[in-house]
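K.L.:
Pasting a structure here, questions to come.
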Amino acid sequence: MAQNSTATALQNDMEQVETTNPTATEETAPATTPMAAPVTPAPAAPQAPAAPQTPQAPQAPIVQRVGSDLTPELQPLSSDAPPRKEVEGGRPYEVTFIVVANNPEALDSTQKRVTALVEGAPGAVDNVRVSEVRRLAYPIAKRTEGIYVVLNCRFPKSLTLDLERFFKLEESVLRHVILREDA
């Protein structure tokens with residue numbers, strides 16, 4: 001009989017806990033024993049009437065510019081800067097290539113040779129960007145790191161064949177791409 005009375009008392013306590021659903025503003029005490037008394041909610045303070053909200057103009061989105069060593073922001077040309085070299089029959093190109101990371105002399109010599117090829121033909125180099133050592137997405141010729149070099153230049157279409165041949169023969173160049181920029 002004693003077991004039956006404790007079982008019914010326990011069941012009654014569980015029913016009381018289930019019927020009281022605390023809300024987010026009410027505080028509840030953790031139940032340490034199955035016979036813990038339910039917590040009664042504290043009386044709510046009277047709330048003042050809400051002030052009418054005035055419609056606000058939508059705010060402009062915040063734009064964060066993420067800098068990258070491959071795409072830095074270019075500074076505007078000043079009025080006293082030398083004018084760009086005119087290239088007759090030249091089209092704007094972006095020449096990108098990846099050089100092995102463990103040989104700094106290869107980086108300098110390759111960059112100078114590409115610049116000399118472009119300027120030797122009737123062409124002009126407008127911008128050169130060299131990145132730091134970067135981890136490649138996948139191994140290329142058993143190498144996992146490389147240095148990206150991006151040249152913005154203008155030259156005639158016939159020079160693309162010479163550049164392709166140079167990049168294929170140069171051992172320090174892992175990958176290359178020559179893209180024509182749309183004006």
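The values are calculated or read from the model by the stated rules, or taken from the named source; none is laboratory data. Small disclaimer: the values here were computed from a predicted structure and weren't measured. When we count neighbours, we look across all protein chains shown, and the Cβ atoms used for this are built from the backbone with ideal geometry, even at glycine.
K.L.:
Any chance you could count how many residues in the range 132-150 are surrounded by 15 or more Cβ atoms within 10 Å (Cβ to Cβ) and among the small types (G, A, S)?
P.N.:
So the answer is 1.
K.L.:
Tell me which residues, restricted to the range 70-105, are modelled with pLDDT of 90 or more and among the β-branched types (V, I, T).
P.N.:
Selection gives V95, T96, I98, V99, V100.
K.L.:
Which ones in the range 151-183 are of a type in the set (V, I, T) and either loosely packed, with under 11 Cβ neighbours inside 10 Å or touching a Ser or Thr at 6+ places or on another chain (Cβ under 9 Å) (or both)?
P.N.:
Narrowing the range 151-183 to residues of a type in the set (V, I, T): 160, 173, 177-178.
Selection gives V173, V177, I178.
K.L.:
Another question, then. What is the residue count in the range 113-131 for residues that are touching a residue at least 12 places away in the same chain (Cβ under 8 Å) and either over 20 Å from the mean Cα position of the chain (by Cα) or exposed (fewer than 14 other Cβ atoms within 10 Å of the Cβ) (or both)?
P.N.:
So the first thing to find is which residues in the range 113-131 are touching a residue at least 12 places away in the same chain (Cβ under 8 Å), and the list is 113-115, 117-118, 121-131.
If we keep only those that are either over 20 Å from the mean Cα position of the chain (by Cα) or exposed (fewer than 14 other Cβ atoms within 10 Å of the Cβ) (or both) too, we end up with 113-115, 117-118, 121-128.
Residues that pass the stated criteria total 13.
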